[in-house]
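Inspection log for the structure reproduced underneath, given as structure tokens.
The values are calculated or read from the model by the stated rules, or taken from the named source; none is laboratory data. Computed from a predicted structure; not experimentally measured. When we count neighbours, we look across all protein chains shown, and the Cβ atoms used for this are built from the backbone with ideal geometry, even at glycine.
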Amino acid sequence: MAEATNEGGASIGNGGNGKSTSKSSRGHCKRLWWLYVLIILVIAVVVVVPCVILVVVPRMAQNKLDEARLTIDGISVTKVQTNSLNMAINSTITTDGSTHATIDGFEGTMYLADANPPLAFAKINFPETTSDAHQTVDISQEIPISDQNAFTTFNEQLIQRESVNVLVKGDTHVHVRGISRAYSVTFSKTVSLKGLDDFKDLSVTNPHVSLAQADNFNATAHIPNPSSLTLDVGNTTFHTYLNGSEIGTSYILNMVLHPGTNDFFIWADINNTAVLNALTKRPTCERNGTLTFELSGKNVTNLGQPIPYFANSLAASNMSVDIPIGQAIKSDIGISVGCMD
């Protein structure tokens, strides 16, 4: 019995020591609560803040840049030479204005997005911009033409199609207000530009003819430009076809295409015999003296230099135009021409 009592006493003694230790730990926590809070704050600073700065903010910056809208208000191409030209772009960038940031200037590559894969045809330097809700960005610079084939392909698409899609892409950095670090971002925007639609609705009025062997036709050409581009093409000559056969060459000096309808003096060296034959044979003779001519680019020069990217792109196009040349023959030469069979 005594031995059992001793063990029980020993047991009671151990239980008392455990309660004392628990109370001591709770007291320690109460006294050093500030230390635990400080440790949590340090962990937050060491782990959370870098995560925000290195991961969250860059993603937000890229997302905001992706959501921004680029609108091309007008493009002017001047000082056209064989290996360079001056390009002025008036554009607008629209954002939600919720982020205060500055985007560094960068070199952007312009791609024909309708090609597969997209075809790079020019590079242009964008200035420093901000994340303001509405910002006008005007650029004017000399553009070197390093790839004649690519630039010709772009111009072919621009001339032939109702619209072309252009991708502008470049790497830059964004500076968020309040953070000294610069973040790498990619500017990538695709814009749709109206094309020249193969000069649809081209017309020729006020024709005049003579019996000379050269410079025997002239008129006023009305060339539509439905796009927002101004193109200083230059001195342009055209292969001239009638019923699928080439019958001469047509000329326009200083052809500058502004948005809207452009009027030019056009003259030509025409094979009179081919024209007179068409005016006397069916079915062309049944159109009251009106014949359909086709024009295709032949040569283009500007500032005394050949412009192959315009010449070749115009050569890839086939423009049709009706000309009341029978009436001109009657009024200018005094000959009435009609069906002979």
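For the reader, a short list of remarks on this structure follows.
- Criterion: in contact with a Lys or Arg (Cβ under 7 Å, 6 or more places away or on another chain) and within 19 Å of LEU295 (Cα to Cα) - qualifying residue of PHE265, PHE238: PHE238
- In this structure, PHE187 does not satisfy being in contact with a helix residue (DSSP H, G or I) (Cβ under 9 Å, 6 or more places away or on another chain) and assigned to a helix (DSSP H, G or I).
- Looking at the stretch 225-341, the strands (runs of 3 or more DSSP E) lying wholly inside it that each contain 2 or more residues that are charged (D, E, K, R) and surrounded by 15 or more Cβ atoms within 10 Å (Cβ to Cβ) sit at 291-302.
- Enumeration of residues in the stretch 323-341 that are modelled with pLDDT under 90 and touching a Leu at 6+ places or on another chain (Cβ under 7 Å): VAL337
- Looking across the stretch 282-322, the residues that are β-branched (Val, Ile, Thr) and in contact with a Phe, Trp or Tyr (Cβ under 6 Å, 6 or more places away or on another chain) come down to VAL300, VAL321.
- Residue-level analysis places GLY195 among those that are under 20 Å from ALA311 (Cα atoms) and in contact with a Pro (Cβ under 9 Å, 6 or more places away or on another chain).
- When residues in the stretch 112-131 are screened for being under 29 Å from ALA101 (Cα atoms) and either outside the structural domain of SER84 (by TED's automatic domain parsing) or loosely packed, with under 13 Cβ neighbours inside 10 Å (or both), 3 of them pass.
A quick yes/no check of all residues on (1) of a type in the set (A, V, I, L, M, F, W, C); (2) more than 17 Å from LEU229 (Cβ to Cβ); (3) surrounded by 14 or more Cβ atoms within 10 Å (Cβ to Cβ); (4) touching a Phe, Trp or Tyr at 6+ places or on another chain (Cβ under 7 Å):
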{"position": "LYS169", "(1), (2), (3), (4)": "no, yes, yes, yes"}
{"position": "ARG181", "(1), (2), (3), (4)": "no, yes, no, no"}
{"position": "LEU193", "(1), (2), (3), (4)": "yes, no, yes, no"}
{"position": "VAL204", "(1), (2), (3), (4)": "yes, yes, yes, no"}
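- Among the candidates ILE266, ILE252, residue that is in contact (Cβ under 8 Å) with a residue 40 or more places away in the chain and in contact with a strand residue (DSSP E or B) (Cβ under 8 Å, 6 or more places away or on another chain): ILE266
- Positions within the stretch 244-289 being among the polar types (S, T, N, Q) and modelled with pLDDT of 95 or more, in sequence order: SER245, THR249, SER250, ASN254, THR261, ASN262, ASN271
- Restricting THR152, THR236 to those that are touching a residue at least 40 places away in the same chain (Cβ under 8 Å), under 28 Å from the mean Cα position of the chain (by Cα) and closer than 30 Å to ASP332 by Cα reduces the list to THR236.
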